[in-house]
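Just below is one structure, and these are the notes that go with it.
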Amino acid sequence: MNEEGINEEDIKEKDMKEKDIRGENVREEDVREEVIKEQVRKEEDIIKETWSSMSFGKKLEYLWMYYKSWLFAAVILAGVICLGVSMYKGMHTKILLNAVVIGGDSQKAEWLEESFARYAGFEEKDGVVRVRANIPDDKGGATSKTALTTLMGANAVDVLVCSESVFQEYAVQDGFLNMEEFLGEKAADYGEAVSDYGVLLSSGNILEQEDMTSYDKIYVAVPVNSQNMENAAKFIEYLQQ
């Protein structure tokens, strides 16, 4: 017993008991942890065994039942990534020409892009040629009018290929450049095909050869807000082949 009257043996005994209790608590935690790990391993084995015996349809059903929220998130994430990549490419891609073919065959739009690029001597590093042929020739209906007006308002039409009715509608609104002034000295090469605001393609032109359009008279015009006038002139020359 020390000066303060405290029995040292009691203190040691108390410390030993506390250590034993702490040790037992640690052992219990270790045991619980091992039990949990063992349960997880068993569940994983059961899932693996069940998964391997499932048909393809059952696997899809299982994934949809238990992981559909994750699948939705993955699809949304993939969509956002694709949109971001597309926007990035769009921002960093030079547009050499935006052409619109009213009532054209949309399945041949890519062919027209590649064919003109070869004619003009463009290489992939130079930029891209875009041909939109998905606006219907509905004789000035609301669908084509809205689509075309939207594109022209967004400066997204460098050259327009259209039927006589569409050409006349926009020509009287001064929506096109004066073709003779636009072509300059080369206007004489087109002869009577050149009017104040456009060019009437001659019979046997490349669009007619490829059945790109369904109307008889094919007019080509350049909007007043064309962004690539030099290439627009090349495109008219190309179409007249």
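The values are calculated or read from the model by the stated rules, or taken from the named source; none is laboratory data. What you see is a predicted model; the values in this text were computed from it and never measured. In this analysis, Cβ positions are derived from the backbone assuming ideal geometry, glycine residues included, and neighbour counts consider all displayed protein chains. Only protein heavy atoms, including side chains, enter the accessible area calculation; ligands, DNA and RNA are left aside. Shrake-Rupley method; radii C 1.70, N 1.55, O 1.52, S 1.80 Å.
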Assuming residue 136 fulfils every condition listed in (1) closer than 25 Å to residue 178 by Cβ; (2) modelled with pLDDT under 90 apart from one, which condition is it? (1)
Would you be able to say whether some residue in region 145-164 is in a helix (DSSP H, G or I), among the acidic types (Asp, Glu), under 18 Å from residue 175 (Cα atoms) and in contact with a Lys or Arg (Cβ under 9 Å, 6 or more places away or on another chain)? yes
Within region 187-210, is even one residue touching a residue at least 40 places away in the same chain (Cβ under 8 Å) and part of a loop (DSSP other than H, G, I, E, B)? yes
If residue 164 passes every condition in (1) buried (at least 16 other Cβ atoms within 10 Å of the Cβ); (2) in contact with a strand residue (DSSP E or B) (Cβ under 7 Å, 6 or more places away or on another chain); (3) of a type outside the set (Lys, Arg) but one, which one does it miss? (1)
Would it be correct to say that residue 97 is at pLDDT below 90 and open to solvent by less than 20 Å² (accessible area, probe 1.4 Å)? no
Could you pull out the residue among 241, 168 that is more than 17 Å from residue 144 (Cα to Cα) and among the polar types (S, T, N, Q)? 241
Residue among 238, 219, 190 that is surrounded by 12 or more Cβ atoms within 10 Å (Cβ to Cβ) and farther than 25 Å from residue 110 by Cα: 190
